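The values are calculated or read from the model by the stated rules, or taken from the named source; none is laboratory data. Computed from a predicted structure; not experimentally measured. Every residue, glycine among them, receives a Cβ derived from its backbone with ideal geometry; neighbour counts consider all protein chains shown.
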């Protein structure tokens, strides 16, 4: 005859195994499909992130500086990121084909038949997984083409106005070539997102352009907007004893009914 406690032991054992074999929880930090992070424990009862069960987005960071590196050299002495420690999360590992670009096809030697200008043309092979029709690039509404942003010889790099290479980890140096006003707002802390310490001279993680914006499809179809739409979270629970949130809807200075 089996001991009475054996079924409970087997149930706990089975639950432990199912938890151990469960798929890891993943959520995105800023743009779905381009900023995923896997949830894990970094301390006692401390996860690295908390994920939204509704949207799949990160709601909270246990360590906002995890896996970050110092921001690259920025040529503005009085910008907001120079008042404290500024870090970014590397983007290169999010670009799946990046290691192949500079080693397999684009080795630095221009192949035979390479175009002499930047006029749009159709791309083949791997490129079609990134841009369906390179002759109608959504970014710039046809005014720019691939080599306006990608270095013509170092294909695992971006390019500035003087043909100097730019790391994929610092895309703001590229985007600022055309989006000057937005770039100024970003470096002053008005545009974009940053997390970390509240103090103006505290450490902050800065989110760079491509963490929020898709550089190859900035219009997002019929929305014609520069950022993908996110589903909002549910409203927070009201404090105990409060039945409505009408107090938030009244105009400032108005008397309650």
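Would you pick out the residues in the stretch 34-52 that are surrounded by fewer than 18 Cβ atoms within 10 Å (Cβ to Cβ) and outside any strand (DSSP E or B)?
So in the stretch 34-52, the residues surrounded by fewer than 18 Cβ atoms within 10 Å (Cβ to Cβ) come out as 36, 38-47, 50, 52.
Answer for the stretch 34-52, where residues must be surrounded by fewer than 18 Cβ atoms within 10 Å (Cβ to Cβ) and outside any strand (DSSP E or B): 39, 40, 44, 45, 52.
Scanning for something exposed (fewer than 14 other Cβ atoms within 10 Å of the Cβ), in contact (Cβ under 8 Å) with a residue 12 or more places away in the chain and out of contact with any strand residue (DSSP E or B) (no Cβ under 9 Å at 6 or more places or on another chain), does the stretch 164-187 turn up at least one residue?
So far as the stretch 164-187 goes, no, none of its residues is exposed (fewer than 14 other Cβ atoms within 10 Å of the Cβ), in contact (Cβ under 8 Å) with a residue 12 or more places away in the chain and out of contact with any strand residue (DSSP E or B) (no Cβ under 9 Å at 6 or more places or on another chain).
Among the candidates 228, 254, 199, which residue alone is modelled with pLDDT under 75, in a loop (DSSP other than H, G, I, E, B) and closer than 30 Å to residue 70 by Cβ? Talk me through it step by step, then tell me what you get.
Numbers: 254 fails: closer than 30 Å to residue 70 by Cβ; 199 fails: modelled with pLDDT under 75.
From the options 228, 254, 199, the qualifying one is 228.
For the stretch 53-66, enumerate the residues that are exposed (fewer than 15 other Cβ atoms within 10 Å of the Cβ) and out of contact with any strand residue (DSSP E or B) (no Cβ under 8 Å at 6 or more places or on another chain).
Scanning the stretch 53-66 gives 53, 54.
Suppose the filter is modelled with pLDDT of 75 or more and over 30 Å from residue 193 (Cβ atoms); does residue 121 pass it? Reasoning before the result, please.
Working: modelled with pLDDT of 75 or more: yes; over 30 Å from residue 193 (Cβ atoms): yes.
In short, yes.
Tally time: how many residues in the stretch 136-169 are outside any loop (DSSP other than H, G, I, E, B) and more than 16 Å from residue 121 (Cβ to Cβ)?
Here is the first cut: in the stretch 136-169, the residues outside any loop (DSSP other than H, G, I, E, B) are 136, 146-148, 150, 158-159, 165-166.
Narrowing further to those that are more than 16 Å from residue 121 (Cβ to Cβ): 158-159, 165-166.
So the answer is 4.
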